[in-house]
Structures are given as structure tokens and as C-alpha cells.
Amino acid sequence: MGRHRQFDVEKALDAALCVFWRKGYEGASYTDLTEATGVERPALYAAFGNKEALFRKALDRYQERYLDYFPEAMNLPTAREVATKIFCAAIHLNTAFPENTGCLMINGAQAGSDEAEPVRQALIDARAEGEAMLRERFVQARKDGDLPETSNPEALATFVMAVLHGMAMQAKAGFSRETLLAVAEQALAVFPPAPPAG
């Protein structure tokens, strides 16, 4: 009787994450996943379930390992520092890995088949959580007097996220870190200034 092949589940998950990051959910074939992980399809199924379940585990890993800067930024003293930290950290993430440019959450959510709709919706929901976190932080900044009374925290959070998403797409298209830093600088130039003290 044959023995099941043993493999490191954590390493396999990391390898699958890189495939999804590079190719998106639908672009990643089972051949890509089995070649990257070094694990045959039946064993991959046994360990993770189907492709969607594997993607969801990879997404969780991505958020824990690579997006920790986002909640950390919420603790910075000013709204501008929050936005600056998020932009700079995202640019680093989007350009630090030549094999995996851009953002898994953007790369994975491009238009796809009806069968991939649950995955696309999961990615939309994950990004919406980040935007909600940012919106709440900007609401607090307005209450604290760090943003003008006339500022719109919801629109500001949406603006920051739109810039982030655009930069992720540009990174995937090969734009340089310097170009993305210039984009962030331009976005920060229109960020509402803190009201004068007094």
C-alpha cells in the first residue's frame, strides 16, 4: 500500500501564495500550483481543500505577513502620517519582489468567470475592511482637530484607497518605485492640512 507523500504545509502555502500573487486567482492553474508547491493535486486537495479554499488561506497569509503595516499606521498621531505610512509601505510591497509585483488583493480580483465570483467578492470585502478602518481613523482625526471640520473622512478614505489600488496596478505594469513615490507625493500634496493650532 502506497504512503502519502509528506510535505511542509506552510512552505506549500507560501509557494501557492506567490503563484496567486503573480497570476491572480483565475490565472493560476493547478499545474502552476502543483509545480510551485512540489505537491501533487490530490495531496494539495487533501491539505487545503479546493482551489478556492487554498486561495482564501493564501489571502489570510498575505494579509498577516504583508499587510501588517495597515493596522500599524492607524496608531500614528496624525491623519497625514497615516496616509504617508500606508503609501510608502504599499509602494515597498508592490515593488520589493520582482517576481510578485503589485498587490495580491488587486491582482486576484480582476474580472473573471462566474465560478470565481465568490473569490472576487472575498477580495472586495477584504479591501472594504481596510477602507472602513481608514474611514474610522479619519473620522477620529476630524474629531481631534487634526483634520478640518469641512473634511469628508469617507471621501478621503476612498481617495487613499483609490491611489493605493492605482499604484498596485502601475507596479504590476512595471512602473518604478521612483514613479510610484512621485504619485504618492502628489496625492499627499492634496491631502487636507491640519487646522492651525489655537
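The values are calculated or read from the model by the stated rules, or taken from the named source; none is laboratory data. Small disclaimer: the values here were computed from a predicted structure and weren't measured. Every residue, glycine as well, gets a Cβ built from its backbone with ideal geometry; the counts of neighbours run over all protein chains shown. We work out accessible area using only protein heavy atoms, side chains counted, and drop any ligands, DNA or RNA first. Shrake-Rupley method; radii C 1.70, N 1.55, O 1.52, S 1.80 Å.
Can you compute the label reach from Ala155? Point 7 Å from Cα along the Cβ direction, backbone N cut-off under 11 Å, restricted to segment 176-190. Zone members listed by number: none at all. Could you work out the relative contact order of segment 17-115? I mean the mean sequence separation of Cα pairs under 8 Å and 6+ apart, divided by the number of residues, in percent. Normalised by residue count, the contact order of segment 17-115 is 42 percent. Convex hull volume per residue, computed on the Cα atoms of segment 72-188, equals 103 Å³. Measuring nothing but alpha carbons in segment 1-111 and taking Rh as the Kirkwood radius, the Rg to Rh ratio lands at 1.08. Annotated for segment 9-189: lysine pairs at least 8 residues apart or interchain, Cα distance under 28 Å, count 13. Take the Cα of Leu76, step 7 Å toward its Cβ, do the same at Cys88, and the gap between the two points is 0.7 nm.
Annotation: Cα Rg of the chain relative to the compact-globule expectation 2.2 N^0.38 Å equals 1.18. Per residue, the accessible area of the chain comes to 54 Å² when a 1.4 Å probe rolls over the protein heavy atoms. In the chain, the calculated helix contribution to ellipticity at 222 nm averages -22500 deg cm²/dmol per residue, counting -39,500 (n - 2.57) for every DSSP H run with n ≥ 4. For segment 9-189, the share of accessible area belonging to carbon and sulfur comes to 52 percent (1.4 Å probe, ligands and nucleic acids excluded). In a simple Cβ point-charge model (Lys, Arg +1; Asp, Glu -1; nothing else charged), segment 9-189 has a dipole of about 180 debye relative to its Cα centre.
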